[in-house]
Amino acid sequence: MPVLTYKILEKTKFNEISTTGAEEGVLSILIKTDNENYKAQVYSELVANRLAMFLGIPVALGVPAKHSETKDRLSFASLIAFEDDREIYDFTHMDHRSLEPPRHVPKGILQEMDHLREVIKLTKLYPLETAFLTVFDYWVGNEDRSYNFKAELSKGNRGIIFALDHGSSLLACKSTIDQSLEQLEQPSYPRFHPFQKMVNPLYAGEMIERIINMPDWAIESATIFDEAIGNVIPMDQIALFEVLRVRKKYLRQQIQNII
């Protein structure tokens, strides 16, 4: 797959101490903070991003960030992709076309969702990536995948596909941390996925094996820190680590139900 690049807003100056001609500048980012409805959004974005990088999931990168005026508040800065040189189909926008569902669609797919024709095309053009994303979303409890991805669809061959926005997964899948942990303990969650009944079983099985065999140290390094991350204290981080270990055990059955 081609490299996903990110948008430079401005080059400000040359770095005076650089010996390689480096420049300083500003990247285009989407800034996320914890709020009343998503008390663990920053932590969940950070953890999901780290887990995805380890597993080879195509997601837009993000980093923890602070502003000099609000030093005590941690944010998550999601890097915005550079799209000017590609024809990227944006699934994040609402689809107001009121199209009739295609004929002979697989039984069990979400026929009322937006961009249905494009989603079907997406799963055919990118069977590996969509299968990987589906398995990952079930593991991290992401029921908000619908429309949170972009891809090249018009080239006639494979191009760029990437997922974004994991602020409603993990400890932010419900409005409070305790409710999120309770939800993640349910084997039936998530209840649906936009790619259900369109998932390639072989590729899904590959990602299931990656997650099942993911060592504890890797999960721990992505979930447990030596300090609070936003509203998430170390005790909650340890609880998430444990629940992710448990969720690996019934991941295979979850995916079998939606293939």
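Give the cross-link partners of Lys71 among the lysines, using a straight C-alpha distance below 22 Å as the criterion and excluding same-chain residues fewer than 8 apart.
The reachable lysines, counting only those whose Cα sits under 22 Å from Lys71, are Lys32, Lys39.
Scan the stretch 1-82 for chymotrypsin sites (Phe, Trp or Tyr not before Pro) in coil per DSSP, keeping those whose Cβ has at most 16 other Cβ atoms within 10 Å, and list them by number.
Filter output for the stretch 1-82: Phe82.
List, in order, the whole-Hz ³J(HN,Hα) value for each residue of the stretch 16-25 obtained from phi through the Karplus relation with A = 6.51, B = -1.76, C = 1.60 and θ = phi - 60°; use x for Gly and Pro.
Here the 3J(HN,Hα) series is 5, 9, 6, 9, 10, x, 5, 10, 9, x Hz.
When the chain is treated as a GNM, springs tying every alpha-carbon pair under 10 Å, which of Thr19, Thr92, Thr134 comes out with the largest mean-square fluctuation?
Top of the fluctuation ranking is Thr19.
Within the stretch 105-215, what is the number of lysine pairs with alpha carbons under 17 Å apart, leaving out pairs fewer than eight places apart on the same chain?
So the count works out to 9.
Using the beta-carbon distance between Glu100 and Ser188 and R0 = 22 Å, what value does 1/(1 + (r/R0)^6) give for FRET efficiency, to the nearest 0.05?
For Glu100 and Ser188, the calculated efficiency is 0.10.
Looking at the stretch 90-136, which GluC sites (Glu not before Pro) are DSSP coil and have at most 14 other C-beta atoms within 10 Å of their C-beta?
In loop regions of the stretch 90-136 (DSSP not H, G, I, E or B), the sparsely surrounded GluC sites (Glu not before Pro) are Glu112.
Suppose R0 equals 30 Å; then what is the FRET efficiency for Val26 and Lys71 from their Cβ-Cβ distance, rounded to the nearest 0.05?
Between Val26 and Lys71 the formula returns 0.95.
Relative to the Cα centre, what is the charge dipole magnitude of the stretch 195-259, using +1 at the beta carbon of each Lys and Arg, -1 at the beta carbon of each Asp and Glu, and rounding to the nearest 20 debye?
So the dipole magnitude of the stretch 195-259 works out to roughly 500 debye.
Just tell me the longest site-free run in the chain, where the sites are trypsin sites (Lys or Arg not before Pro) in a DSSP loop having at most 12 other beta-carbon atoms within 10 Å.
Longest run free of exposed loop sites: 1-96.
Using modelled backbone amide H atoms (1.01 Å from N, in-plane), which distant-in-sequence or interchain residues come within less than 5 Å of Leu27's amide H?
Leu9
To the nearest 20 debye, what charge dipole does the stretch 118-259 have about its Cα centre, counting +1 at the Cβ of each Lys and Arg and -1 at the Cβ of each Asp and Glu?
It comes to approximately 840 debye.
Bear in mind these aren't lab numbers, they're just calculated from the coordinates by the rules spelled out. If you're wondering where the values come from, they're calculated on a predicted model, not measured in any experiment. Ideal geometry is used to build each Cβ from the backbone, glycine not excepted, and the neighbour counts take in all protein chains shown.
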